[in-house]
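Here the structure is laid out as structure tokens; the discussion comes afterwards.
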Amino acid sequence: MSRIGKKPIQIPKGVSVEVAKNEITVKGPKGVLSLNLHPDLRVLLTDDILSVSIERSTKRSSALWGLYRNLIFNAVQGVSAGFEKKLEFEGIGYKASVEGDTLLMQLGFSHPVVVKAPEGIRISVEKNVITVAGINKELVGNVAAGIKRLKPPEPYKGKGIRYKGEVIKRKAGKKAVAAG
């Protein structure tokens, strides 16, 4: 029995959910998201509470129960409040700016790095913080991870791109090892 799967989902005001046979559509003030449902699962909508249950009990359906409950929950949360990830960049000469839906970065390479934001994702830059926002949690996370992958933080000086609040474990340099 899935602990996550059996939790009901409370639908906030301003969000509407349509349940078809194998598709769930969630509409809210920020946008619309659709999700294809696995045929072994069933979604029941009563008043403002959404619950996911198993229609045909198999090993795979019990494994997917909690997953689909969380995917639906993320869709409801995304269309009502949205998601965002913040990245910090640190290094001499590192710069970032946004032109339209394109992120331009100077990361110490011989050329500028250009990242085009996919549809539904907004990128903004303020000083040394890049904010990736949107309604699809998976897409926001993938875009943020792709930006971080361009210049991961190095352990000696901490230069590079990291998530806001992420702690980089520093290593001692050669001078510290020779003196010690």
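What to note about this one:
- Filtered residue count, segment 1-45, keeping only those that are of a type outside the set (Gly, Ala, Ser) and not in a loop (DSSP other than H, G, I, E, B): 19
Conditions (1) touching an Asp or Glu at 6+ places or on another chain (Cβ under 9 Å); (2) of a type in the set (Lys, Arg); (3) at negative phi, marked per residue:
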{"residue": "Gly5", "(1), (2), (3)": "no, no, yes"}
{"residue": "Lys13", "(1), (2), (3)": "yes, yes, yes"}
{"residue": "Ile24", "(1), (2), (3)": "yes, no, yes"}
{"residue": "Lys30", "(1), (2), (3)": "no, yes, yes"}
{"residue": "Leu33", "(1), (2), (3)": "no, no, yes"}
{"residue": "Leu41", "(1), (2), (3)": "yes, no, yes"}
{"residue": "Thr46", "(1), (2), (3)": "no, no, yes"}
{"residue": "Ser51", "(1), (2), (3)": "no, no, yes"}
{"residue": "Ile54", "(1), (2), (3)": "yes, no, yes"}
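- Residue among Gly165, Gly100 that is surrounded by fewer than 14 Cβ atoms within 10 Å (Cβ to Cβ), within 30 Å of Ser34 (Cβ to Cβ) and either at pLDDT below 95 or assigned by TED's automatic domain parsing to the domain that holds Asn74 (or both): Gly100
- Verdict on Ile72 being in the same structural domain as Ile54 (by TED's automatic domain parsing), crowded, with 19+ Cβ neighbours inside 10 Å, aliphatic (A, V, I, L, M) and not in a strand (DSSP E or B): yes
- Scoring Lys175 on the criteria (1) part of a loop (DSSP other than H, G, I, E, B); (2) loosely packed, with under 12 Cβ neighbours inside 10 Å leaves a single failure, condition (1).
- Selected residue (criterion: nearest to Gly5 (Cα to Cα)) from residues of segment 46-66 that are free of Cβ contacts under 8 Å to residues at least 12 places away in the same chain and part of a helix (DSSP H, G or I): Ala63
- For segment 13-29, a residue qualifies if it is surrounded by 14 or more Cβ atoms within 10 Å (Cβ to Cβ) and within 23 Å of the chain's Cα centre (by Cα), and the qualifying residues are Val15, Val17, Ile24, Thr25, Val26, Lys27, Gly28.
- Sub-8 Å Cβ pairs linking a first residue in segment 139-163 that is under 19 Å from Pro112 (Cα atoms) to a second residue that is basic (Lys, Arg) and part of a helix (DSSP H, G or I), at least 6 apart or interchain, are Ile161/Lys148; Arg162/Lys148, ordered by first then second residue.
- Val113 vs. criteria of a type in the set (Val, Ile, Thr) and out of contact with any helix residue (DSSP H, G or I) (no Cβ under 7 Å at 6 or more places or on another chain): no
- Looking across segment 30-61, the residues that are surrounded by fewer than 14 Cβ atoms within 10 Å (Cβ to Cβ), hydroxyl-bearing (Ser, Thr, Tyr) and either in contact with a Ser or Thr (Cβ under 6 Å, 6 or more places away or on another chain) or under 22 Å from Ser16 (Cβ atoms) (or both) come down to Ser34, Thr46, Ser53.
- In segment 135-147, the count of residues that are closer than 24 Å to Gly28 by Cα, out of contact with any Leu (no Cβ under 9 Å at 6 or more places or on another chain), among the β-branched types (Val, Ile, Thr) and crowded, with 16+ Cβ neighbours inside 10 Å is one or more.
The values are calculated or read from the model by the stated rules, or taken from the named source; none is laboratory data. These figures come from a predicted structure and were not determined experimentally. Please note: Cβ atoms are built from the backbone with ideal geometry, for glycine as well, and neighbour counts cover all protein chains shown.
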